[in-house]
Each structure stands twice: as structure tokens, then as C-alpha cells.
1. Using a Förster distance of 30 angstrom, determine the FRET efficiency expected from the C-beta separation of A:GLU3 and A:GLU44, and round it to 0.05.
2. Averaged across B:100-111, how many Cβ atoms of other chains sit within 10 Å of each residue's Cβ atom?
3. Lys/Arg Cβ at +1, Asp/Glu Cβ at -1, dipole of segment B:18-104 taken about the Cα centre: which of B:SER28, B:TYR88, B:GLY43 is farthest positive-ward?
4. In straight Cα distance, which aspartates and glutamates are under 18 Å from A:LYS42, not counting same-chain residues fewer than 8 positions off?
5. Provide B:ILE48, B:ILE62 ordered by accessible surface of protein heavy atoms (probe 1.4 Å), highest first.
6. Which of the GluC sites (Glu not before Pro) across segment A:10-90 are loop residues per DSSP, with 14 or fewer other Cβ within 10 Å?
7. Tell me which lysines have Cα within less than 22 Å of B:LYS58's Cα, excluding those fewer than 8 residues away on the same chain?
8. Rolling a 1.4 angstrom probe over the protein chains, ignoring ligands and nucleic acids, what is the accessible area of A:ILE54 in square angstrom, nearest 10?
Amino acid sequence: EPEVTQTPSHQVTQMGQEVILRCVPISNHLYFYWYRQILGQKVEFLVSFYNNEISEKSEIFDDQFSVERPDGSNFTLKIRSTKLEDSAMYFCASSDRFNTGELFFGEGSRLTVL
Amino acid sequence: GENVEQHPSTLSVQEGDSAVIKCTYSDSASNYFPWYKQELGKGPQLIIDIRSNVGEKKDQRIAVTLNKTAKHFSLHITETQPEDSAVYFCAASPISGGYNKLIFGAGTRLAVHP
């Protein structure tokens, strides 16, 4: 069964460092999303991406965050200068162009900022 | 924007009992209501979903009901088993042509005791 894959599974970084989280969405999907889950809290929407541009973003997704689809398969989330409060599990998700509704989530990338 | 409230935050049942989790939403434009199961260290997995033109949907031991007038929907798990132990999230969104920005509830930690 097709799945969304994410790397790395866990990254530890120092405050102020840049981090790039990578995702390979399901191949025929056209909509891509990043969600964040701080430990023990709800899954929060960060940003959605379609047709090579951001379609929607939340107030969490400030200027420190950016997304990119550098080639036909990868979808990346970059945090330019990490803060302690960026420590969380980051989930990538994708959906297809039909109105089925299902979001397929990856296993997540755990980011720890020290 | 959409806001989803979920109750209870924790639920403990004996194996074989039923479990009910309830959610309310605020945006009348929402038309898609999925339930996700999240096991420790993994991404959310869709277990059942319902659309606004349907009042109830059942899949083996799992059922979901939707009351559009009251803006609430519920997950029912019958004959619970220890492997049902996980965190369950409800979500809501207005789907449009495949684009699906889910807003999640805070989650319910379900523990099924043998």
C-alpha cells in the first residue's frame, strides 16, 4: 500500500540552527501538508501546499518556516533558526485530487531543540 | 476558523465494554469528519470517516454518528479489545476538490484493560 515517508525519524539540534525535515508524499497526490504535535497535545495544522505554492498557512507558520517541493517527489519543511518551542513531532500528509477526503500521514519526524 | 472540542480527554474501560468519544465543531461549512487512531510513536491512522450528508456510518466494531444541527459527532467502539488502546483524534474540515485542511480535537487517550 502506498505510504507517506518522512526523514529523519528523530533530529536533535541546537537552538538557532537550521533544520530541514523531508517527506515523500504518495506519488499521485497533489496536495501536501505539514502538521505539528507538541508532546501530549493536539495535532496542529501548519501549512498546505498545492501547485508549487502555499495554499494556506496557520499563525504558527511564521517567517522562520518555509516549505519547498524541490523535485517531483520530495516535500520539505525548513525551520531557519530553531527555538526551544519548536520541539515537537512534525507530520507530513498528502491527499489526492479527488474528493475522497482522506489525509494520509507519515510516521513523523521528532525534532528536539536544545 | 474551525474549532473542534473533544471529550473526554482520557477514557478507561474493561475489555468487552463499549467506548464513546464525543466531539463538537464550530464551522457549519465543515462537511467531512474523520476519526484517527494514533499509537505510540506513530502517525495518525484513519479508522473511519463520515460526510455531512450521512447521519451514521458503521465498520465492524466502530461506528460514527453525526448531528449537523447540533454540530456534534461521536465515535462508538463496541466490544473493546486491548489493541484498541491508543489516542483517538476527531477532526473536521470543509473539503473542496481534494483539498482537506483538517482541524483536530485535543485527543482522547483510551485504555482498555483485560
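1. Computed FRET efficiency for A:GLU3 and A:GLU44 comes out at 0.85.
2. Per residue, the number of nearby Cβ atoms from other chains is 5 on average.
3. B:SER28
4. A:GLU59, A:GLU85, A:ASP86, A:GLU107, B:GLU2, B:GLU5, B:GLU39
5. Working: B:ILE48 10, B:ILE62 35 Å².
The ordering from most to least exposed comes out as B:ILE62, B:ILE48.
6. Those satisfying the criteria are A:GLU18, A:GLU59.
7. B:LYS22, B:LYS37, B:LYS68, B:LYS71
8. Accessible surface of A:ILE54 is approximately 70 Å².
The values are calculated or read from the model by the stated rules, or taken from the named source; none is laboratory data. Quick caveat: nothing in here was measured; it's all calculated off a predicted structure. Methodologically, a virtual Cβ is constructed for each residue, glycine included, from the backbone with ideal geometry; neighbour enumeration extends over all protein chains shown. Just the protein is used for accessible areas: all its heavy atoms, side chains included, with ligands, DNA and RNA removed. Shrake-Rupley method; radii C 1.70, N 1.55, O 1.52, S 1.80 Å.
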